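Here the structure is laid out as structure tokens; the discussion comes afterwards.
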Amino acid sequence: MKKKSQLEILTESNFIKPGIINNGIIKLYSLLKDHNFLEPADWFLQAYFGGELKRKDQERFAEIANKEPYKLTLKNGVLICALSYQYYPMAKGLAMGVSSLTGIDVNPDTAGWGVVGAMNLANIIRMGVAYKTKKAYAGISLNSLFFNSTSYINDLKNYIKKN
């Protein structure tokens, strides 16, 4: 009998099912959409949550929102660029910690602004590609990584099995 890898054990457990977080977000949005709520709140939910999901999930979310999927990507890109400055203190603190632990001279301000700049550049490129191709693309942020983590783990498992 072949011994299972940790990744196989993790993905076969009841805890990690592909898309469980995204499906929960979509179901919750669908329940909220059944009730009337303010347009600004709806815009925020579409931009913040809908635009962070993987393409297939964004397409499902957009169908409920009566929007084109790529427009969720555009809204999310604008919102993430506006909110990306929250990563400055985190990156700055991380750089200070790395510098003090390793003795490597790291400029905390450069690290902080570098993370913010890289995130904004990546989201601007993502918005441009989404607009040009009229396709949805997963968000570029820590939230997106969290929301899509179960799907990414499953994709990794399938990739490893294939190779």
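The values are calculated or read from the model by the stated rules, or taken from the named source; none is laboratory data. These figures come from a predicted structure and were not determined experimentally. So basically every Cβ, Gly included, is an ideal-geometry build from the backbone, and we count neighbours across all protein chains shown.
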### Query
Going through segment 29-56 one residue at a time, which ones are charged (D, E, K, R) and either farther than 14 Å from E68 by Cα or loosely packed, with under 13 Cβ neighbours inside 10 Å (or both)?
K33, D34, E39, D42, E52, K54
### Task
Kindly indicate the residue of segment 92-130 that is among the hydrophobic types (A, V, I, L, M, F, W, C) and touching a Pro at 6+ places or on another chain (Cβ under 8 Å) and also surrounded by the fewest Cβ atoms within 10 Å (Cβ to Cβ) among those meeting that condition.
M96
### Task
Determine whether segment 80-91 contains at least one residue that is free of Cβ contacts under 8 Å to residues at least 24 places away in the same chain, of a type in the set (G, A, S) and farther than 23 Å from Y152 by Cβ.
yes
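Of the residues L79, L121, L94, L101, which is within 24 Å of L45 (Cβ to Cβ) and either at pLDDT 90 or above or under 15 Å from the mean Cα position of the chain (by Cα) (or both)? Give the derivation first.
Numbers: L121 fails: within 24 Å of L45 (Cβ to Cβ); L94 fails: within 24 Å of L45 (Cβ to Cβ); L101 fails: within 24 Å of L45 (Cβ to Cβ).
Matching residue, one of L79, L121, L94, L101: L79.
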### Query
Right, K4: more than 26 Å from I153 (Cα to Cα) and either at pLDDT below 90 or among the basic types (K, R) (or both) or not?
no
### Task
Return yes when K67 is of a type outside the set (D, E), loosely packed, with under 15 Cβ neighbours inside 10 Å and closer than 23 Å to I21 by Cβ and no when it is not.
no
#### Entry: Subset of segment 131-143 [hydroxyl-bearing (S, T, Y) and either closer than 20 Å to K67 by Cα or surrounded by fewer than 13 Cβ atoms within 10 Å (Cβ to Cβ) (or both)]
Y131, T133, Y137
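For segment 50-163, list the helices (runs of 4 or more DSSP H) that sit wholly inside it and hold at least 1 residues that are farther than 30 Å from E39 by Cβ and not aliphatic (A, V, I, L, M); which are they? Show your work before the answer.
Working: elements: 55-65, 69-83, 87-102, 108-133, 142-147, 149-162.
Hits in segment 50-163: 87-102, 108-133, 149-162.
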### Query
Here are some conditions: (1) part of a loop (DSSP other than H, G, I, E, B); (2) at pLDDT 75 or above; (3) surrounded by 14 or more Cβ atoms within 10 Å (Cβ to Cβ). K17 meets all but one. Which one does it not meet?
(2)
